[in-house]
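Some notes on the structure that comes next.
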Amino acid sequence: MTGLRIRPMTAGDSDEVAAVRVRGWRHAYRGLMPQAYLDGMDVAAEADRQRARLAAGDGSVVNLVAEAEDGTLAGWAAYGPYRDGEVRTGDGELYALYLPPERIGQGVGRTLLTEVTTRCTAAGHPRMLLWVLKENARARRFYEAAGFTPDGTEESFEVAGTAVPEVRYARALTG
């Protein structure tokens with residue numbers, strides 16, 4: 001996508017980022033987690049959480065937005081040190097990457113992922129890890145096309161009483 005600008009997220013982006021996240025979840029996870037949960041996601045409450053996270057952050061989590069030429073938010077990504085429970089490791093982790101559904105297939109996700117990967121490499125992380133829903137075939141193809149592979153680790157998390165299985169993906173980074 002031409003004219004895309006990747007920049008750090010600001011508190012002023014919180015409403016748009018929240019809308020992107022909620023719309024992204026509803027689109028990507030339809031049929032993969034309880035629909036009632038997806039329908040009940042609240043953009044205003046998510047925006048408040050985004051603002052609070054930014055204000056309380058210690059700088060270890062980096063939030064980036066992709067801004068289109070017209071100034072609208074075309075995507076959001078968050079990354080930082082890999083979290084193994086409460087312990088942070090030397091690896092990097094992509095925590096989130098969401099786009100408005102109408103932006104899928106325009107190169108926005110690829111651009112954001114490339115920027116995160118470049119930054120994790122520059123920070124000296126030997127690997128970058130991420131978690132993806134096991135049944136999310138589109139996302140798995142996207143990450144595999146970017147050089148990520150499942151490393152054999154699987155976990156589930158609970159959403160509205162339903163176990164949702166995830167697969168961990170890894171990619172070696174070079175300096």
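Filtering region 62-73 to residues that are over 13 Å from Val116 (Cβ atoms) and either part of a strand (DSSP E or B) or open to solvent by less than 60 Å² (accessible area, probe 1.4 Å) (or both) leaves Glu67, Ala68, Gly71, Thr72, Leu73.
Across region 74-133, what is the total count of residues that are among the β-branched types (Val, Ile, Thr) and in a helix (DSSP H, G or I)?
Residues of region 74-133 that are among the β-branched types (Val, Ile, Thr), as a first pass: 87, 89, 104, 108, 111, 114, 116-118, 121, 132.
Next, from what is left, pick out any that are in a helix (DSSP H, G or I): 108, 111, 114, 116-118, 121.
Residues meeting the conditions: 7.
Here is a yes/no grid of residues against (1) touching a strand residue (DSSP E or B) at 6+ places or on another chain (Cβ under 6 Å); (2) of a type outside the set (Lys, Arg); (3) surrounded by fewer than 18 Cβ atoms within 10 Å (Cβ to Cβ); (4) without any contact (Cβ under 8 Å) to a residue 60 or more places away in the chain:
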residue: Ser60; (1), (2), (3), (4): yes, yes, yes, yes
residue: Glu93; (1), (2), (3), (4): yes, yes, no, yes
residue: Leu99; (1), (2), (3), (4): yes, yes, no, no
residue: Gly105; (1), (2), (3), (4): no, yes, yes, yes
residue: Val108; (1), (2), (3), (4): yes, yes, no, no
residue: Arg127; (1), (2), (3), (4): yes, no, yes, yes
residue: Tyr143; (1), (2), (3), (4): yes, yes, no, yes
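Take the conditions (1) without any contact (Cβ under 8 Å) to a residue 24 or more places away in the chain; (2) surrounded by 12 or more Cβ atoms within 10 Å (Cβ to Cβ); Gly152 misses just one of them, which is (2). Every condition in (1) hydrophobic (A, V, I, L, M, F, W, C); (2) over 24 Å from Pro150 (Cβ atoms); (3) open to solvent by less than 10 Å² (accessible area, probe 1.4 Å) is met by Ala55 except one, and the failing one is (3).
Using the structure shown, decide if Val43 is at pLDDT 90 or above, under 24 Å from Leu4 (Cβ atoms), surrounded by fewer than 19 Cβ atoms within 10 Å (Cβ to Cβ) and aliphatic (A, V, I, L, M). Considered against the rule, which asks whether it is at pLDDT 90 or above, under 24 Å from Leu4 (Cβ atoms), surrounded by fewer than 19 Cβ atoms within 10 Å (Cβ to Cβ) and aliphatic (A, V, I, L, M), Val43 comes out as yes.
The values are calculated or read from the model by the stated rules, or taken from the named source; none is laboratory data. Being a predicted model, the structure only gives us computed values, none of them experimental. Don't worry about glycine lacking a Cβ; one is built from the backbone with ideal geometry, like all the others, and counts go over all protein chains shown. For accessibility, only protein heavy atoms count, side chains too; no ligands or nucleic acids. Shrake-Rupley method; radii C 1.70, N 1.55, O 1.52, S 1.80 Å.
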